[in-house]
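Student: Attaching a single structure in structure tokens format; questions to follow.
The values are calculated or read from the model by the stated rules, or taken from the named source; none is laboratory data. As the structure is a prediction and not an experimental result, all values here were calculated from the model. Cβ placement follows ideal geometry from the backbone for every residue including glycine, while neighbour counts extend to all protein chains displayed.
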Amino acid sequence: MKHSFIIKSTFLIIMALASFNGFSQNSIQADKLTEEWTLLTTQEGVEVYLRQDKCDVGANDLFSYAYIRFVNNNTTEKTIEFNFELNFDNRCVGCGDTRETKKMVAINASTSIDGGCSSKIGELALLINNPYQSDSGVLESINLDVLNIK
């Protein structure tokens, strides 16, 4: 009887964890990344969105960026540590040892911050296409590798 209870309990825990993981999306395919904010994941009352845009950086051609938006639905300020992996067809930016690519932002209670062409918060921008860099490859997906909320 006790053995059966342990097996059933373990099964229920595994199913609950699998269900929770199924609702949490931590990556987006390049063809699903649009100019509209797309919810990537929600964790501890913080929503993470991505969108793409082409921006004038003073060169003849426009650069393409993926921008990040954080929405803090909590009643206290949160510090967010994060890292995104950009998977191109011939390389990965931000993969492996992420100490150099980890970023951190603070967000006030019940507010949002987001990146954009005119944003002053560089941590919220991911370069996905430099038209002057021919060997960068084609973006395949963006993966949220690290998300720590304090």
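Student: Going residue by residue through region 72-80, is there one that turns out to be touching a Gly at 6+ places or on another chain (Cβ under 6 Å) and surrounded by fewer than 18 Cβ atoms within 10 Å (Cβ to Cβ)? So that I can check it myself, show each step before the final result.
Tutor: Step one: of region 72-80, the residues touching a Gly at 6+ places or on another chain (Cβ under 6 Å) are 73-74.
In the following step, the residues that additionally are surrounded by fewer than 18 Cβ atoms within 10 Å (Cβ to Cβ) were identified as 73-74.
So far as region 72-80 goes, yes, one or more of its residues are touching a Gly at 6+ places or on another chain (Cβ under 6 Å) and surrounded by fewer than 18 Cβ atoms within 10 Å (Cβ to Cβ).
Student: Within 18 Å of the chain's Cα centre (by Cα) and among the aliphatic types (A, V, I, L, M): is that true of Val138 in this structure?
Tutor: Here the answer is no, as Val138 does not meet what is asked.
Student: Follow-up question, since we're still on this one. Is it the case that region 15-33 has a residue that's among the aromatic types (Phe, Trp, Tyr) and either modelled with pLDDT of 90 or more or in contact with a His (Cβ under 7 Å, 6 or more places away or on another chain) (or both)? Don't jump to the end; show me each part of the working.
Tutor: Keep residues of region 15-33 that are among the aromatic types (Phe, Trp, Tyr), which gives 20, 23.
Still in the running and either modelled with pLDDT of 90 or more or in contact with a His (Cβ under 7 Å, 6 or more places away or on another chain) (or both): none.
Within region 15-33, not a single residue is among the aromatic types (Phe, Trp, Tyr) and either modelled with pLDDT of 90 or more or in contact with a His (Cβ under 7 Å, 6 or more places away or on another chain) (or both).
Student: Quick one: is Ala109 small (Gly, Ala, Ser), in contact with a strand residue (DSSP E or B) (Cβ under 8 Å, 6 or more places away or on another chain) and either under 20 Å from Leu147 (Cβ atoms) or surrounded by fewer than 15 Cβ atoms within 10 Å (Cβ to Cβ) (or both)? Let's see the steps before the verdict.
Tutor: On the way: small (Gly, Ala, Ser): yes; in contact with a strand residue (DSSP E or B) (Cβ under 8 Å, 6 or more places away or on another chain): yes; either under 20 Å from Leu147 (Cβ atoms) or surrounded by fewer than 15 Cβ atoms within 10 Å (Cβ to Cβ) (or both): yes.
Answer is yes for this residue.
Student: Of the residues in region 98-135, how many are more than 18 Å from the chain's Cα centre (by Cα) and of a type in the set (Asp, Glu)?
Tutor: The qualifying residues number 1.
Student: Taking the condition of being more than 26 Å from Gln43 (Cα to Cα) and assigned to a loop (DSSP other than H, G, I, E, B), how many residues in region 126-150 meet it?
Tutor: Of region 126-150, the ones more than 26 Å from Gln43 (Cα to Cα) are 129-138.
When the remaining residues are screened for being assigned to a loop (DSSP other than H, G, I, E, B), the result is 130-138.
Result for region 126-150: 9.
Student: Residues of region 35-52 being surrounded by 14 or more Cβ atoms within 10 Å (Cβ to Cβ) and touching a Leu at 6+ places or on another chain (Cβ under 9 Å), which ones? Step through it out loud before you land on a result.
Tutor: Quick first cut of region 35-52, residues surrounded by 14 or more Cβ atoms within 10 Å (Cβ to Cβ) only: 37-38, 40-43, 45-52.
Correct list: Trp37, Thr38, Leu40, Thr41, Gln43, Val46, Glu47, Val48, Tyr49, Leu50, Arg51, Gln52.
Student: Any residue at all in region 56-72 that's more than 20 Å from Asn26 (Cα to Cα), touching a Pro at 6+ places or on another chain (Cβ under 9 Å) and hydroxyl-bearing (Ser, Thr, Tyr)?
Tutor: First, the residues of region 56-72 that are more than 20 Å from Asn26 (Cα to Cα): 56-64.
Now narrow it down to the ones that are touching a Pro at 6+ places or on another chain (Cβ under 9 Å): 59-64.
Now drop any that are not hydroxyl-bearing (Ser, Thr, Tyr), which leaves 64.
Yes, region 56-72 contains a residue that is more than 20 Å from Asn26 (Cα to Cα), touching a Pro at 6+ places or on another chain (Cβ under 9 Å) and hydroxyl-bearing (Ser, Thr, Tyr).
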